[in-house]
Amino acid sequence: MNGKFDIQSIDKPTNQNITIVFTPSLNVSSYTYIVYKNDIPIYTKNILENKSETILLKETGIYKISVQTKNLNGLTDEINSGQYIIDKEKPKININQTKIISKPTNNKNILSCQATDNYSKNLNSKITTNIDSLTLNKPGNYTYTCTVQDEAGNEATAQSLIQIEPHSASIYVIQYTCLIIAFLLIIRIIKIFKVLKLDERLEPYIIKPLKNDTVSTSEKLKKIYQEFLEMFTKYLKKSAFASKYAKKLDKYTSVSPIHKTGYDIISGKIIIACLFTLMAIIIKAFQFKLLGSAETLGVFILGFFVLDIYLFAKYKVFRWNLENDFIAAITIMNNSFKSGRSITQAIEIVSTEVGGTIGAEFKRMNLELLYGLDISQVFKRFSERVKLEEATYLTASLTILNKTGGDIIKVFSSIERSLFDKRKLRLELKSLTSGSRIIVYVLLGIPFFFVLVISLINPGYFLPFITTDIGRILLIFMIIYYIIFVVVVKKIMKVVI
């Protein structure tokens with residue numbers, strides 16, 4: 001034997017590079033080796049001395065190596081290797097359809113795929129799918145996944161989108177119902193406009209009665225809404241959780257006249273959530289689809305918190321105006337004291353000069369004083385109604401002045417100065433933290449912006465978060481993490497003055 005290969009052959013395909021070392025015998029003076037790929041010579045090299053040679057094979061193919069040796073006596077010999085099989089190509093998967101639209105069914109034979117390989121040919125027996133986890137008897141979007149791995153370790157995956165639509169009969173029933181309701185509403189609106197137009201034409205010739213018992217459409221809707229509020233409130237009062245939640249919402253009743261208590265606000269949130277869900281069902285019906293359970297829950301939650309957003313924004317504006325008006329009232333009272341007016345006269349001046357809630361409250365205080373209530377009691381009732389820290393401070397100051405005496409002008413000047421300083425400090429703090437707040441708002445909005453952009457580019461990208469169990473678990477964890485992030489950031493950014 002005039003030499004040997006350290007690896008004589010590799011019969012099974014591999015997806016790794018193969019390094020082969022040929023070592024000649026001591027009596028070999030020179031040799032030539034030829035590398036064959038798929039029985040075609042692709043490389044030849046002459047070695048003019050007795051030394052080992054490393055041969056690297058790295059492309060897909062079936063290789064053989066032939067070595068022609070020449071010994072010191074001038075005799076020649078031929079050494080041949082076995083086969084070296086390299087397979088770096090992924091198997092090919094043929095899925096029956098990339099998108100399947102079907103009605104609810106228990107027959108999963110509509111799903112199939114085949115796999116072929118350049119060496120093993122048929123790989124159907126090695127295919128793994130997620131067919132067992134698919135519930136095709138329920139409307140929704142599903143992803144059918146086929147995965148296969150060849151003998152060399154190359155893996156391939158193919159997917160098919162399955163859209164299970166609800167039975168058309170139920171869609172048509174919902175559509176026809178929505179069309180009938182819409183038709184009746186249009187007829188009703190036309191009648192209302194005709195009546196209004198007729199009233200407008202006859203108005204110059206009609207003698208109006210002293211008492212008008214007609215009720216406008218908006219008043220009728222308001223009455224219906226209030227009836228629903230009363231119905232829901234009656235049941236909510238029986239719940240301990242609803243009672244605790246209602247107490248937190250009681251502060252918003254000052255900016256929502258139609259909601260008298262926190263229970264009414266909760267009832268309103270439920271009604272709005274139901275309306276949002278109904279609108280979503282109607283929209284889906286006109287798209288020949290039914291609203292899924294996850295979509296229904298999402299729309300209901302969105303509608304449930306719409307009223308909170310509206311009342312929160314309105315309450316912020318209300319409190320801002322209330323504080324501004326209160327500072328204006330203190331300034332007017334202080335100027336009244338400086339001009340020699342009494343507290344009663346100062347309250348009367350404020351009730352005529354200041355508008356809004358503070359003006360109405362000072363009018364009420366003026367009436368209470370006329371009915372004989374004590375000044376301390378009047379201001380105490382005032383602070384309990386408006387729930388302003390500054391009003392509580394003013395009430396305590398006036399109570400002390402009534403009991404011990406003192407210079408009311410100095411006291412009010414001090415109160416006025418402290419209120420202005422507090423307002424100035426709040427505005428400065430808001431200005432200094434504006435950059436940080438913008439960064440926080442951007443960070444809070446980036447996830448939604450990212451989801452929106454990706455959904456526009458690839459509508460099915462986030463479907464696994466809804467259609468698979470692991471996706472739903474991950475989605476729940478992401479929502480919990482986002483809520484924790486919002487709460488923590490809110491706590492960090494909160495500054496109490």
Practice task
Under 9 Å between Cβ atoms, at least 6 apart or on separate chains: pull out the pairs that start in the stretch 340-357 with a residue that is on the phi > 0 side of the Ramachandran plot and end on any residue that is open to solvent by less than 30 Å² (accessible area, probe 1.4 Å).
Solution key: Gly356/Leu322
Exercise for the section: Test Leu184 against the stated conditions and say whether it is at pLDDT 70 or above, aliphatic (A, V, I, L, M), part of a helix (DSSP H, G or I) and touching a helix residue (DSSP H, G or I) at 6+ places or on another chain (Cβ under 6 Å). Expected result: no
Exercise for the section: Write out, first by first residue and then by second, each pair whose Cβ atoms fall under 7 Å of each other, whose residues are 6+ apart or on separate chains, and whose first residue, in the stretch 109-126, is part of a strand (DSSP E or B) while the second is modelled with pLDDT of 85 or more and hydroxyl-bearing (Ser, Thr, Tyr). Expected result: Asn122/Thr116
Handout entry: Extreme residue, nearest to Phe318 (Cα to Cα), among residues of the stretch 250-268 that are open to solvent by 50 Å² or more (accessible area, probe 1.4 Å) and in a helix (DSSP H, G or I)
Key = Ser254
Practice task
State yes or no: is Thr145 closer than 25 Å to Asn106 by Cα, at pLDDT 80 or above and touching a Cys at 6+ places or on another chain (Cβ under 7 Å)?
Solution key: no
Problem - the stretch 99-136, residues that are at pLDDT below 75 and open to solvent by 80 Å² or more (accessible area, probe 1.4 Å) - result: Lys99, Ile101, Lys103, Asn106, Asn109
Problem - Number of the condition not met by Val317 [criteria: (1) surrounded by 15 or more Cβ atoms within 10 Å (Cβ to Cβ); (2) at pLDDT 80 or above] - result: (1)
Practice task
State the number of residues belonging to the stretch 465-497 that are more than 30 Å from Ser431 (Cβ to Cβ), part of a helix (DSSP H, G or I), open to solvent by less than 70 Å² (accessible area, probe 1.4 Å) and of a type outside the set (Phe, Trp, Tyr).
Solution key: 3
Handout entry: Pair list, Cβ < 9 Å and 6+ apart or interchain, from the stretch 393-413 residues that are open to solvent by less than 80 Å² (accessible area, probe 1.4 Å) to residues that are of a type in the set (A, V, I, L, M, F, W, C) and not in a helix (DSSP H, G or I)
Key = Leu394/Leu388
Practice task
Using the structure shown, decide if Lys338 is open to solvent by 40 Å² or more (accessible area, probe 1.4 Å), of a type outside the set (Gly, Ala, Ser) and at pLDDT 85 or above.
Solution key: no
Problem - Filter result (touching a Lys or Arg at 6+ places or on another chain (Cβ under 9 Å) and part of a helix (DSSP H, G or I)) within the stretch 358-377 - result: Glu361, Arg364, Met365, Glu368, Ser376
Problem - Conditions (1) over 60 Å from the mean Cα position of the chain (by Cα); (2) closer than 28 Å to Glu151 by Cβ: number failed by Glu78 - result: (2)
Fill in the blank from the handout: Of Asn73, Asn96, the only residue that is loosely packed, with under 15 Cβ neighbours inside 10 Å and within 30 Å of Ala158 (Cα to Cα) is Asn96
Handout entry: Selection count, the stretch 1-48, where residues are aromatic (Phe, Trp, Tyr) and either open to solvent by 30 Å² or more (accessible area, probe 1.4 Å) or closer than 25 Å to Ala152 by Cα (or both)
Key = 4
Completion exercise
Residues in the stretch 57-70 that are open to solvent by 10 Å² or more (accessible area, probe 1.4 Å), more than 30 Å from Asp150 (Cα to Cα) and polar (S, T, N, Q) total 1
Exercise for the section: Evaluate the stretch 326-344: report whether one residue or more is more than 30 Å from Arg426 (Cβ to Cβ) and either in contact with a Pro (Cβ under 7 Å, 6 or more places away or on another chain) or among the hydrophobic types (A, V, I, L, M, F, W, C) (or both). Expected result: no
Practice task
Look through the stretch 444-464, keep the residues that are surrounded by 12 or more Cβ atoms within 10 Å (Cβ to Cβ) and assigned to a helix (DSSP H, G or I), and return whichever of them is modelled with the lowest pLDDT.
Solution key: Ser455
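The values are calculated or read from the model by the stated rules, or taken from the named source; none is laboratory data. None of these values were measured; they are calculated from a predicted model. Positions of Cβ are backbone-derived with ideal geometry, glycine not excepted, and every protein chain shown enters the neighbour counts. Heavy atoms of the whole protein, side chains included, go into the accessibility calculation; ligands, DNA and RNA do not. Shrake-Rupley method; radii C 1.70, N 1.55, O 1.52, S 1.80 Å.
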